[in-house]
Amino acid sequence: MVERQLRRRGIADERVLAAMGEVPREAFVPERARRRAYHDGALPIGAEQTISQPWIVAAICQGLELSGDELALEVGTGSGYSAAVLAGLAREVVSVERFAELATRARTTLAELGFANVEVRVGDGSLGAPDRAPFGAIAVHAAAPAAPATLLGQLEPGGRLVVPISGRGADMLTALRATEAGIEERVIAPSRFVPLIGDEGFRER
Ligand code: SAH
């Protein structure tokens, strides 16, 4: 997976490649999908949600330019897989999931694997985690209508936010950085994400 799906497709950050190689992806996939755990795609995890494709997790982590001492926020815990990868790249991770059922399962898996630096919360992650802000890095795993202003406001100076911004045909995975001059923005790649549902996301259908 690391060589074929990630390095060959432009993931060059060695810390990200190492972290992706260390997390057992099969532990985050439901029993019936386990033999497909390392396939180059997303897989169903219940509540109509999916565990992200490995390349997407790597691209988001690379876009965050983590050095290892950051307090990181994640929006969209899902299976907990991306939180585990992030936990290997940052000092501490606060991860928010809107479905309690998924958050509970992710919490259990992360605890079983010994990840002690991840806190999983249930709630609307589009509003961030004001009690823990500011963050050095924020990863959003669901497509937002625009870069959520509240999340941008929870970045420390120099902090990075990676978020898919919803578009016609494709969502644009975008990296934003808080600088003294304002917000710098760079598109990473087009892809497809489930919608961010919440106050600074979309309305539930
Ligand atoms: N990164 C996860 C997969 C994320 S899929 C993994 O590796 O398994 C996107 C997740 O975002 C879904 O679980 C969905 O329920 C969640 N989500 C959508 N809107 C949200 C919101 N406003 N706050 C928190 N979670 C949200």
*Across region 60-75, what is the total count of residues that are surrounded by 24 or more Cβ atoms within 10 Å (Cβ to Cβ) and small (Gly, Ala, Ser)?*
2
*Would you pick out the residues in region 28-59 that are within 17 Å of the chain's Cα centre (by Cα) and of a type in the set (A, V, I, L, M, F, W, C)?*
PHE28, VAL29, ALA42, LEU43, ILE45, ILE51, TRP55, ILE56, VAL57, ALA58, ALA59
_Elements of type strands (runs of 3 or more DSSP E) contained in region 137-197, each with 2 or more residues being crowded, with 19+ Cβ neighbours inside 10 Å_ = 155-165, 171-179
_Looking at ALA147, ALA116, ALA175, can you tell me which residue is farther than 22 Å from ALA47 by Cβ and within 14 Å of the chain's Cα centre (by Cα)?_
ALA175
*asked:* For the list (1) crowded, with 23+ Cβ neighbours inside 10 Å; (2) closer than 21 Å to ARG91 by Cβ, I need the number of the one condition that PRO54 fails.
replied: (2)
*Look at region 90-113 and say how many of its residues are under 15 Å from the mean Cα position of the chain (by Cα) and away from the ligand (no atom under 14 Å from the Cβ).*
2
*Looking at ARG35, ARG91, ARG9, ARG107, which one is without any contact (Cβ under 8 Å) to a residue 24 or more places away in the chain and either among the charged types (D, E, K, R) or closer than 21 Å to PRO148 by Cα (or both)?*
ARG35
*Are there any pairs, at least 6 apart or on different chains, whose C-beta atoms fall under 7 Å, with the first in region 16-32 and within 26 Å of GLU101 (Cα to Cα) and the second charged (D, E, K, R) and surrounded by 12 or more Cβ atoms within 10 Å (Cβ to Cβ), and if so, which?*
GLU26/ARG34
*Where residues in region 56-71 are over 18 Å from ARG7 (Cα atoms) and touching a Lys or Arg at 6+ places or on another chain (Cβ under 8 Å), which of them is farthest from the ligand (Cβ to nearest atom)?*
ASP69
*asked:* For a quick check of your reading: which helices (runs of 4 or more DSSP H) sit entirely within region 1-105 and have at least 3 residues that are over 18 Å from PRO164 (Cβ atoms)?
replied: 14-22
*Restrict the check to region 117-128 and report whether at least one residue is closer than 19 Å to SER67 by Cα, surrounded by 14 or more Cβ atoms within 10 Å (Cβ to Cβ) and modelled with pLDDT of 95 or more.*
yes
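The values are calculated or read from the model by the stated rules, or taken from the named source; none is laboratory data. None of the values given here were measured: they were computed from a predicted structure. Every residue, glycine among them, receives a Cβ derived from its backbone with ideal geometry; neighbour counts consider all protein chains shown.
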